[in-house]
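Structure first, commentary second.
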Amino acid sequence: MFPADPGRALTVRRTPGQAFRDLSRAVQDTLNRAASRSAGRPVIGRLVQPIARSWTTIWWIAVTSIAACVAWSASLVVGLSSPVPAAVAAVLTVALSLNRSVRTGVALGVATAVALVVAFALYQAWGLHVWTAGVIVAASLIIGRVMRLGMDGSLQIPATALFVYILGDNLTNEVIVSRILATLLGVAIG
């Protein structure tokens, strides 16, 4: 627990999330200092101040883009048939806080599983017709609201259900399992 040398500082291990947050805060602090120093300089101030104000958005865009690429690559490495659900799940799951990422990820996993079951059941019952798109969207939104998945989860259900519904006869157990695994992989990465 204590270092052998009392003069040596105790090192604390940080998680990757903590390291990324520390990096983001360090960049934000540096940008804020640069913006305050350049307040009297019109050209430099016009460049640095908007970046300092927008750093959180810039950081979120970078993290989300990287998460999508990592999820896509990971799904290919694992051998999943389609990397798209993994990338989509990573994009929808990324949030600026771990607590929100976990909540969103759980909702997304549940929504995807429900969407696949709804799409499969409706396809088996009615087949693929023009009017079934409206029915599947309505049924999916009702399920999302009943499950209290919030706006993200509720909208994910019809989007996934319609995406899967177009597979029609190609919708097999293997496809369903592959989509769920890809989504869970994307959630974990996000």
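The values are calculated or read from the model by the stated rules, or taken from the named source; none is laboratory data. Owing to the predicted nature of the structure, the values given are computational and were not obtained by experimental measurement. No Cβ is skipped: glycine too gets one built from the backbone with ideal geometry, and neighbour counts run over all protein chains shown. When the accessible area is computed, the model is the full protein with side chains, heavy atoms only, and any ligands, DNA or RNA have been set aside. Shrake-Rupley method; radii C 1.70, N 1.55, O 1.52, S 1.80 Å.
Scan the stretch 70-77 and give yes if some residue there is at pLDDT 80 or above and β-branched (Val, Ile, Thr), otherwise no. Spell out the reasoning first.
Residues of the stretch 70-77 at pLDDT 80 or above: 70-77.
Okay, now just the ones that are also β-branched (Val, Ile, Thr), so 70, 77.
Scanning the stretch 70-77 turns up at least one residue that is at pLDDT 80 or above and β-branched (Val, Ile, Thr).
Taking into account only those residues within the stretch 161-190 that are of a type in the set (Val, Ile, Thr) and without any contact (Cβ under 8 Å) to a residue 60 or more places away in the chain, which is farthest from Ile66 (Cα to Cα)? Even if it seems obvious, please write down each step before you answer.
Initial filter on the stretch 161-190 (of a type in the set (Val, Ile, Thr)): 164, 166, 172, 175-177, 180, 183, 187, 189.
Narrowing the set further to residues that are without any contact (Cβ under 8 Å) to a residue 60 or more places away in the chain leaves 164, 166, 172, 177.
Working: Val164: 26, Ile166: 29, Thr172: 31, Val177: 25 Å.
Going through the qualifying residues, I end up with Thr172.
Okay, residues lined up against (1) of a type in the set (Lys, Arg); (2) farther than 21 Å from Ala90 by Cα:
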{"residue": "Val130", "(1), (2)": "no, yes"}
{"residue": "Ala138", "(1), (2)": "no, yes"}
{"residue": "Arg145", "(1), (2)": "yes, yes"}
{"residue": "Leu149", "(1), (2)": "no, no"}
{"residue": "Thr172", "(1), (2)": "no, yes"}
{"residue": "Ile176", "(1), (2)": "no, no"}
{"residue": "Arg179", "(1), (2)": "yes, no"}
{"residue": "Ala182", "(1), (2)": "no, no"}
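Based on what the data block shows, is Ile166 of a type in the set (A, V, I, L, M, F, W, C) and surrounded by fewer than 16 Cβ atoms within 10 Å (Cβ to Cβ)? Before the answer, list the steps.
Details: of a type in the set (A, V, I, L, M, F, W, C): yes; surrounded by fewer than 16 Cβ atoms within 10 Å (Cβ to Cβ): yes.
Considered against the rule, which asks whether it is of a type in the set (A, V, I, L, M, F, W, C) and surrounded by fewer than 16 Cβ atoms within 10 Å (Cβ to Cβ), Ile166 comes out as yes.
When only residues in the stretch 18-50 that are part of a helix (DSSP H, G or I) and touching a helix residue (DSSP H, G or I) at 6+ places or on another chain (Cβ under 6 Å) count, which is nearest to Ala89 (Cα to Cα)? If you could, list the steps in order and put the result at the bottom.
As a first pass, look at the stretch 18-50 and keep what is part of a helix (DSSP H, G or I): 18-37, 42-50.
This time we only want the ones that are touching a helix residue (DSSP H, G or I) at 6+ places or on another chain (Cβ under 6 Å), so: 24, 28, 31-32, 34-35, 48-49.
Values: Ser24: 23, Gln28: 28, Leu31: 31, Asn32: 33, Ala34: 36, Ala35: 36, Val48: 33, Gln49: 33 Å.
My answer is Ser24.
Output the residues belonging to the stretch 129-177 that are acidic (Asp, Glu) and at pLDDT 70 or above.
To start, the set of residues in the stretch 129-177 that are acidic (Asp, Glu) comprises 152, 169, 174.
Glu174, the sole residue that qualifies.
Out of all the residues in the stretch 134-157, which are under 12 Å from Ala113 (Cα atoms) and in contact (Cβ under 8 Å) with a residue 40 or more places away in the chain?
At the first step, the residues of the stretch 134-157 found to be under 12 Å from Ala113 (Cα atoms) are 140, 143-144, 153, 156-157.
Within the stretch 134-157, Gly153, Gln156, Ile157 meet the criteria.
Given the conditions (1) modelled with pLDDT of 80 or more; (2) open to solvent by less than 40 Å² (accessible area, probe 1.4 Å), report the number of the one that Ala35 does not fulfil.
So Ala35 meets the others, but not (1).
Name the residue that is farthest from the chain's Cα centre (by Cα), counting only residues in the stretch 9-22 that are open to solvent by 90 Å² or more (accessible area, probe 1.4 Å) and modelled with pLDDT of 65 or more. Steps first, please.
Of all residues in the stretch 9-22, those open to solvent by 90 Å² or more (accessible area, probe 1.4 Å) come to 10-14, 16, 20-21.
Restricting the remaining residues to those that are modelled with pLDDT of 65 or more gives 13-14, 16, 20-21.
Details: Arg13: 26, Arg14: 22, Pro16: 17, Phe20: 16, Arg21: 17 Å.
Here the residue is Arg13.
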